[in-house]
Amino acid sequence: VLPRDPPDRIGKFGDLTQWRHEGYGTMKLDAGEAGVMRIECVGSEQGGTGSQAFCRKDFPDGVAIEYDLKVLTSNGLAITFIAMKGSGGEDMFDEKMPKRTGVFADYMRNERLASYHVSVSRYNDKGAHTGVSNWRRNPGLKLMNGGPDLCKEINRWYRIRIVKDGGHLQLGVDGKLAHEFTDAGEPGSPVPSDGKIGFRAIGSDVRMLVKNFRVTLLK
């Protein structure tokens with residue numbers, strides 16, 4: 001488990017001191033099940049102010065990110081941010097970074113931040129499933145790859161596995177590969193490497209549960 005802390009300090013969410021909430025909505029321990037983080041965004045809209053939970057620690061490149069996800073409502077979507085860091089290598093929480101209110105543009109159109117993100121359980125604000133899951137690189141919301149969304153059922157636990165190895169990224173759900181891609185980078189837009197991992201709930205009514213969060217080295 002990375003960093004070198006006892007697994008239960010991150011994996012079981014005994015408390016949320018290692019996590020920081022940004023934007024609208026709430027991040028808290030779930031009252032119904034021990035060791036579960038609950039993220040809620042109710043009354044917003046896609047593209048608007050969402051509920052973000054970022055681990056305060058930085059994680060290196062070359063990792064597998066695993067967690068269990070259950071989405072309780074179908075009026076929005078869940079996003080995972082990977083390798084979130086300042087474009088100049090700054091910590092995203094550095095006080096000199098631009099202030100963020102939690103709107104999506106703060107993370108994906110902010111030229112001072114770089115990251116990847118992948119979406120799952122993709123419903124629109126009216127509750128209709130979009131049928132797809134997408135990988136994007138930021139800044140710029142550049143579509144890298146996509147495919148079928150394997151997290152279509154509400155109130156069901158899914159085991160998510162995200163691999164980040166340089167420019168090679170993949171999403172797996174319950175042991176099945178959903179989609180993957182390799183990013184060669186571009187002049188002036190290098191491949192994001194290390195940085196923060198975070199979650200975003202966004203929509204008119206999104207309530208999601210996360211547990212058994214673990215990050216391991218690939219080598």
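The values are calculated or read from the model by the stated rules, or taken from the named source; none is laboratory data. Since we're looking at a predicted model, the values are computed, not measured. Cβ atoms come from the backbone with ideal geometry, glycine included; neighbour counts cover every protein chain shown. The area values use the complete protein model at the heavy-atom level, side chains included, leaving out ligands, DNA and RNA. Shrake-Rupley method; radii C 1.70, N 1.55, O 1.52, S 1.80 Å.
Taking 0.36 nm per residue of separation and subtracting the Cα-Cα distance, full extension of the segment from Leu29 to Glu95 would add 21.1 nm. Once you've got the GNM for the chain with C-alpha springs shorter than 10 Å, pick whichever of Cys41, Cys151, Cys55 has the biggest mean-square fluctuation. In this elastic network of the chain, the residue with the biggest mean-square fluctuation among Cys41, Cys151, Cys55 is Cys55.
Hey, what D do you get for the chain in µm²/s if you plug the Kirkwood alpha-carbon radius into Stokes-Einstein at 37 °C and 0.692 mPa s? Show your work: numbers first, answer last.
Working: Rh = 17.1 Å.
The diffusion coefficient I find is 192 µm²/s.
Among Leu141, Leu29, Leu177, the largest mean-square fluctuation in a Gaussian network model of the chain, built with springs joining Cα atoms closer than 10 Å, belongs to Leu177. Ligands, DNA and RNA aside, Asp68 has an accessible area near 20 Å² when probed at 1.4 Å.
Our summary gives segment 86-181 a relative contact order of 18 percent, counting only alpha carbon pairs under 8 angstrom and 6 or more residues apart.
Nonpolar atom fraction for the chain, defined as the carbon and sulfur part of the 1.4 Å probe accessible area, stands at 48 percent. Cross-link reach is defined here as a Cα-Cα straight distance under 16 Å, omitting same-chain residues fewer than 8 places apart; for Lys176 the lysines meeting it are Lys152. Springs join every pair of Cα atoms under 10 Å in this Gaussian network model of the chain, and among Gly185, Gly131, Gly32 the largest mean-square fluctuation is at Gly32. Note on segment 15-104: Lys pairs 8 or more places apart or on different chains, Cα atoms under 22 Å apart, count 7. Which of rounded, prolate or oblate describes segment 161-219 when judged by the alpha-carbon gyration tensor and an a/c cut-off of 1.5? It comes out prolate by the Cα gyration axes.
The mean sequence distance of close C-alpha pairs (under 8 Å, at least 6 residues apart), as a share of the length of the chain, puts its relative contact order at 34 percent.
Could you give the accessible area per residue of the chain, probe 1.4 Å, as a whole number in Å²? Mind dumping the intermediate values first?
Working: 9460 Å² over 219 residues.
That works out to 43 Å² per residue.
Might you report the magnitude of the Cβ-based charge dipole of the chain about its Cα centre, with Lys and Arg at +1 and Asp and Glu at -1, to the nearest 20 debye? Walk me through the numbers on the way to the answer.
Numbers: 32 positive and 28 negative charges, 38 e Å.
For this selection, approximately 180 debye.
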